[in-house]
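Working notes, structure below.
Here, each number is a calculation from the coordinates, and none is a lab measurement. What you are looking at is a predicted structure, and each value in this text was computed from that prediction instead of being measured. With ideal geometry, Cβ positions are generated from the backbone for all residues, glycine too; neighbour counts draw on all protein chains shown.
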Amino acid sequence: MNKKVANRELITLPNLKNYASRKDWETACWYKILLSRNLLDSLTTFNERHNIVLRAAAIEEIHSGKTYKEISGELFLSPHQIRQGLDTSVINVLFALI
């Protein structure tokens with residue numbers, strides 16, 4: 001159930017008791033948080049959002065076939081920062097979504 005308070009939408013996270021595992025509950029909560037821009041903005045700092053954007057851009061560039069060196073020149077990151085920030089499992093999951 002969603003409520004509006006002072007023109008801001010508040011979301012209610014799913015009840016943990018309705019899920020077989022904590023992991024399932026956390027996944028359901030994450031998807032609900034993603035659907036609420038206000039909540040996502042409130043929960044993340046400017047720097048966290050900046051890092052998410054850079055990681056997503058780097059993954060997109062890797063997917064398009066660019067090298068870490070090419071990506072580092074475009075995003076002003078070192079190849080080491082790109083490797084360090086992009087876990088292989090994260091890349092594989094995001095490739096599946098593209």
Order by neighbour count: TYR68, TYR19, fewest other Cβ atoms within 10 Å first, most last. TYR19, TYR68
Just subtract the alpha-carbon distance of GLU74 and ALA57 from 0.36 nm times their residue separation and send over the number in nm, one decimal. 5.1 nm
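Only counting other Cβ atoms within 10 Å, I'd like TRP30, TRP25 sorted with the fewest neighbours first. Walk me through the intermediate numbers first.
On the way: TRP30 11, TRP25 17.
Ordered by Cβ neighbours within 10 Å, fewest first: TRP30, TRP25.
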